[in-house]
Every structure is written in C-alpha cells, then in structure tokens.
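Coordinate-derived values only; no laboratory data. The structure displayed is predicted, hence computed values, not measured ones. All Cβ positions, even for glycine, are placed from backbone atoms using ideal geometry, and neighbour counts span all protein chains on display.
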Amino acid sequence: MVDSTKCKVFVVGFNLLGLDQQELTAFLESRPEVQNWRSAVPGQLFVIGSGTARDLASLIRNRFVGEFFFVAPIKPWYCNGCLPREAWNFIVNSRSSGGPVGLEVSEGIPRNIDHDGATVWNGQGLSNELVGASR
C-alpha cells in the first residue's frame, strides 16, 4: 500500500470527445498508485497519487494509446481560481481519504462560499471574494 503522507495532487485534463471519463476513472481506481480522485470540471480530474506527473501520464498513455491528455502537479498554496468548495477541500487536503476512491476529502477547511455556491482559493485560504474574476 502507498504511504498516503507521500501522495501528491495532480490535475488530469483530457478530451471528452475522445476519452470517456467513466473509463478513465475506472482505470485510475484499478491502480494502486492512485489513492483518490475527484471531478469538478468536465474534462478534468483531480487525482491524488504517489509518484510524479510523468509516472501518472505514463500509466494513462499506456492504457489510452493515442488519446490527448495532460497531467500536471498542483501545489495548493500556489494556485488560484473559483471551484466548488469540495474541490478546494480535496486539493488542499491532498492525501488519501483512507476510504474508497472518488470520495470527498474535507477536513479542516473553512466553508465560506459565495452567492453562486463557488469557493475561491486565493493561495492563502478560502474566500467568498472573487479575486481577479469578472461576473
């Protein structure tokens, strides 16, 4: 079993027209290197796993030959944007939940949400202020 304290969070972007999300997530669930995953935006998954972005990309490339995708590491303290609260919880708590993959990780994060139900992460903490976003 992988030491969950050594796990990292990655974003996997993929072409919804070429790669079926259910097939991709079923594959990820079958891999011992992958501890958990979450979908917040169509065509993207947040994946918690061991190894590097290159390792995860190699697994996906070997299984889904010829499909377009990318894998990039996420450093929670260096990212910014507007996502559902549960997605930020998952990213900030980037380790295995200890349960089945695909479950929410949500310990210790403030639950500030804006009027549209989205939470903003400003690199320092959750906020309901939309920094740098236009509405």
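Pull up all non-local amide H partners of GLY81: gap of 5 or more, or a different chain, and H-to-H distance under 5 Å with H placed in the peptide plane.
TRP121
Expressed in nm to one decimal, what extension gain is obtained for the pair PHE68 and ARG31 from 0.36 nm per residue of sequence separation less their Cα-Cα distance?
On the way: separation 37, 0.36 × 37 = 13.32 nm, distance 2.00 nm.
Net length gain for the segment: 11.3 nm.
What list of ³J(HN,Hα) couplings, whole Hz, do you get for the range 63-74 from phi and the Karplus terms 6.51, -1.76, 1.60, once you set θ to phi - 60° and write x for glycine and proline?
8, 10, 4, x, 7, 8, 6, 9, 10, 9, x, 10
Can you tell me the length gained on complete extension of the stretch VAL41 to GLU23, counting 0.36 nm per residue apart and subtracting the Cα distance?
Numbers: separation 18, 0.36 × 18 = 6.48 nm, distance 1.66 nm.
That works out to 4.8 nm of additional length.
Between beta-carbons, use under 13 Å as the cut-off and find the net charge around PHE70, counting Lys and Arg +1, Asp and Glu -1.
Numbers: positive: ARG54, ARG61; negative: GLU67.
After counting each charged neighbour, the total is +1.
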